[in-house]
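The structure appears below as structure tokens.
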Amino acid sequence: MAVEGKAVILENPGEPAVLRDVIVEDPGPGEVLIRVEASGVCHTDLTVKNLNGNGMPFPIVLGHEGAGYVEAVGEGVSHLQKGDPVVIAYRAPCERCPACLRGDPRRCYMALRPKQRIKRKSDGAVCSQVLRCGTFATHTVVHSKAAIKMPSEMPLDKACLIACGVVTGVGAAMNTAPVFYGARVAVIGCGGVGLSVIQGARLMHAKQIIAVDIKEKKLEWARNFGATHVVNAQKEDAVAAVRKLTEDGWDGGVEFAFEATGIPASTEQAVRMLAYGGTAVNIGFPAASDEIHLNLGDMATGVYWNKASLRVCHCGDCLASHDFPFLAGLYLKGELKLDEMVTHKITLNDVEDAFHEMETGDVIRSVIVI
Ligand SMILES: NC(=O)c1ccc[n+]([C@@H]2O[C@H](COP(=O)([O-])OP(=O)(O)OC[C@H]3O[C@@H](n4cnc5c(N)ncnc54)[C@H](O)[C@@H]3O)[C@@H](O)[C@H]2O)c1
Ligand SMILES: [Zn+2]
Ligand SMILES: [Zn+2]
């Protein structure tokens, strides 16, 4: 039976997100209905709003960093049952694309998606769900393989962070780069994603982890998450500062530089702060018109002479079925900090305030508790 609930919806381009009554249909074959318990507010939700849906049809239910309980399972779903605690993955591998077929599901081209089963109550309009999730809601329907079971002792208001910010950041360090032990690492942007890169680099035993941000509070938090050095990019040139901190008689530089701001210039900086043969990782979500400029021939920092690589990280190149329980386990063992990431607990009514806070305030993650 369809359930009535509430969801935070973008109704039209340029308008604020609003809380609306919705009808959530029964899960279809291979799908599950989730009663959402908690959802982190990731910068990508704000970007989707700012980019007027980024190609998704309106109305759009926001939210993609969610955890909750299975409420009902669709036909053919045998690995989950009502009451199971789960974190929702937005990149459960499709099992059909060239990457999946060659046995490399971490690089799946497109994720499994459910049918759109959330309707606005007032007019029955079918809603898009951000990244196939739509977790700023009391209920949502997702593909059953995207609902990853959590250990029963895992608190869901922390587990939700694993769904995007944490798996993206930790995965960027562990999978995309991957960071080797003893490496020198720089992380530009210390929000929910960047602080998770710092944690990932710490877990991979990087010897130097240099946090770069424009806010002092972020840099203070970065130290708590494992940064060995900090650079305030508003006070000094980030590239020069990182090179100086890594001076080794060979012009310094880091083996791995991560961009986690969403600003194209940060990716350019990441490339320019590399040591010979280093790898820069672009994580931030670009607008269609965003471009970067890379010099090839400068003897010190040009991509050619410095033999630099640029990689792109989508959701930490994760395999959610493996990585989500692994990350939950690290949290339960005290090796992954999640409690410290939740700086604000809010309700479904407060999403616009959380967006404003994300742009102007001192926040790592606002978590909506439903
Ligand atoms: N690729 C992926 O799979 C993926 C996943 C999640 C998020 N994202 C994207 O990653 C980016 C970061 O997300 P978030 O949720 O951590 O955002 P956030 O807003 O929490 O953090 C961004 C941080 O960048 C800092 N910053 C801004 N301008 C800066 C500058 N010029 N130099 C240094 N630091 C600067 C801010 O102070 C803030 O601490 C966003 O673009 C988001 O859309 C991508
Ligand atoms: Zn996200
Ligand atoms: Zn695939």
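The values are calculated or read from the model by the stated rules, or taken from the named source; none is laboratory data. This structure is a prediction, so every number in the text was calculated from the model and none was measured. As a convention, Cβ positions derive from the backbone with ideal geometry for all residues, glycine included, and neighbour counts pool all protein chains shown.
Let's see how each residue does on (1) assigned to a strand (DSSP E or B); (2) out of contact with any Asp or Glu (no Cβ under 6 Å at 6 or more places or on another chain):
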| site | (1), (2) |
| --- | --- |
| Leu33 | yes, no |
| Gly83 | no, yes |
| Glu95 | no, yes |
| Arg106 | no, no |
| Tyr109 | no, yes |
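Out of the residues in the stretch 212-244 that are assigned to a loop (DSSP other than H, G, I, E, B) and closer than 21 Å to Ala275 by Cβ, which is farthest from ligand 3 (Cβ to nearest atom)? Reasoning before the result, please.
Pass one, the stretch 212-244, residues assigned to a loop (DSSP other than H, G, I, E, B): 214-215, 226-228, 233-237.
Narrowing further to those that are closer than 21 Å to Ala275 by Cβ: 226-228, 233, 236-237.
Numbers: Gly226: 33, Ala227: 35, Thr228: 37, Ala233: 37, Glu236: 43, Asp237: 41 Å.
Taking the candidates together, the pick is Glu236.
Condition check: under 19 Å from Val36 (Cα atoms) and in a loop (DSSP other than H, G, I, E, B). Does Glu75 satisfy that?
Details: under 19 Å from Val36 (Cα atoms): no; in a loop (DSSP other than H, G, I, E, B): yes.
No.
Are any residues in the stretch 344-370 within 13 Å of ligand 1 (Cβ to nearest atom), of a type in the set (A, V, I, L, M, F, W, C) and within 13 Å of Gly63 (Cα to Cα), and if so, which ones?
Hits for the stretch 344-370 are Ala354, Phe355, Val367.
Among the residues of the stretch 312-345, which ones are surrounded by 16 or more Cβ atoms within 10 Å (Cβ to Cβ) and not in a helix (DSSP H, G or I)?
Within the stretch 312-345, Cys313, His314, Cys318, Leu319, Leu336, Lys337, Leu338, Val342, Thr343, His344 qualify.
Quick one: in the stretch 224-277, of everything that is more than 23 Å from Gly192 (Cβ to Cβ) and of a type in the set (Phe, Trp, Tyr), which residue is surrounded by the most Cβ atoms within 10 Å (Cβ to Cβ)?
The qualifying residue surrounded by the most Cβ atoms within 10 Å (Cβ to Cβ) is Tyr276.
Return a yes/no flag: does the stretch 313-330 have any residue that is within 30 Å of Lys149 (Cβ to Cβ), over 18 Å from the mean Cα position of the chain (by Cα) and not aliphatic (A, V, I, L, M).
Checked against the condition, which is being within 30 Å of Lys149 (Cβ to Cβ), over 18 Å from the mean Cα position of the chain (by Cα) and not aliphatic (A, V, I, L, M), the stretch 313-330 yields at least one hit.
Out of Gly66, Gly83, report the one residue that is within 16 Å of ligand 2 (Cβ to nearest atom), closer than 19 Å to Val142 by Cα, small (Gly, Ala, Ser) and at pLDDT 95 or above. Full working, then the answer.
Values: Gly83 fails: within 16 Å of ligand 2 (Cβ to nearest atom).
That would be Gly66, the only listed residue that is within 16 Å of ligand 2 (Cβ to nearest atom), closer than 19 Å to Val142 by Cα, small (Gly, Ala, Ser) and at pLDDT 95 or above.
What is the number of the single condition among (1) at pLDDT 95 or above; (2) within 27 Å of Ala260 (Cα to Cα); (3) within 16 Å of ligand 2 (Cβ to nearest atom) that Thr140 does not meet?
That leaves (2) as the condition not met.
Checking the condition of a type in the set (A, V, I, L, M, F, W, C), touching a Leu at 6+ places or on another chain (Cβ under 6 Å) and crowded, with 24+ Cβ neighbours inside 10 Å, which residue from Ile162, Ile209 passes? Talk me through it step by step, then tell me what you get.
Details: Ile209 fails: touching a Leu at 6+ places or on another chain (Cβ under 6 Å).
Within the list Ile162, Ile209, the selection yields Ile162.
Of these, Gly253, Gly262, which one is assigned by TED's automatic domain parsing to the domain that holds Ile209, within 24 Å of Gly182 (Cβ to Cβ), touching a helix residue (DSSP H, G or I) at 6+ places or on another chain (Cβ under 9 Å) and away from ligand 3 (no atom under 16 Å from the Cβ)? Reasoning before the result, please.
Details: Gly262 fails: within 24 Å of Gly182 (Cβ to Cβ).
One residue alone meets the criteria, Gly253.
Rundown of residues vs (1) in a helix (DSSP H, G or I); (2) touching an Asp or Glu at 6+ places or on another chain (Cβ under 8 Å); (3) outside the structural domain of Val351 (by TED's automatic domain parsing); (4) modelled with pLDDT under 95, yes/no style:
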{"site": "Gly124", "(1), (2), (3), (4)": "no, no, no, no"}
{"site": "Asn175", "(1), (2), (3), (4)": "yes, yes, yes, no"}
{"site": "Gly182", "(1), (2), (3), (4)": "no, no, yes, no"}
{"site": "Ala186", "(1), (2), (3), (4)": "no, no, yes, no"}
{"site": "Cys190", "(1), (2), (3), (4)": "no, yes, yes, no"}
{"site": "Val197", "(1), (2), (3), (4)": "yes, no, yes, no"}
{"site": "Ala201", "(1), (2), (3), (4)": "yes, no, yes, no"}
{"site": "Ile210", "(1), (2), (3), (4)": "no, no, yes, no"}
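More than 11 Å from ligand 3 (Cβ to nearest atom), assigned by TED's automatic domain parsing to the domain that holds Gly30 and exposed (fewer than 15 other Cβ atoms within 10 Å of the Cβ): which single residue out of Lys119, Lys82 fits that description? First the steps, then the outcome.
Values: Lys119 fails: exposed (fewer than 15 other Cβ atoms within 10 Å of the Cβ).
The conditions single out Lys82.
Anything in the stretch 85-116 that is among the charged types (D, E, K, R) and within 16 Å of ligand 3 (Cβ to nearest atom)? List them, or say none. Steps first, please.
Restricting attention to the stretch 85-116, the residues satisfying the condition of being among the charged types (D, E, K, R) are 91, 95-96, 102, 104, 106-107, 113, 115.
Arg91, Glu95, Arg96, Arg102, Asp104, Arg106, Arg107, Arg113, listed by residue number.
Any idea which of Leu19, Leu46 is farther than 21 Å from Arg113 by Cα, at pLDDT 95 or above and part of a helix (DSSP H, G or I)? Give the steps one after another, and end with the answer.
Values: Leu19 fails: part of a helix (DSSP H, G or I).
Result of the check over Leu19, Leu46: Leu46.
Which of the residues spanning the stretch 249-263 are over 16 Å from Gly191 (Cα atoms) and either in contact (Cβ under 8 Å) with a residue 12 or more places away in the chain or not in a loop (DSSP other than H, G, I, E, B) (or both)?
Restricting attention to the stretch 249-263, the residues satisfying the condition of being over 16 Å from Gly191 (Cα atoms) are 249-256.
Listed by number, the residues that qualify are Trp250, Asp251, Gly252, Gly253, Val254, Glu255, Phe256.
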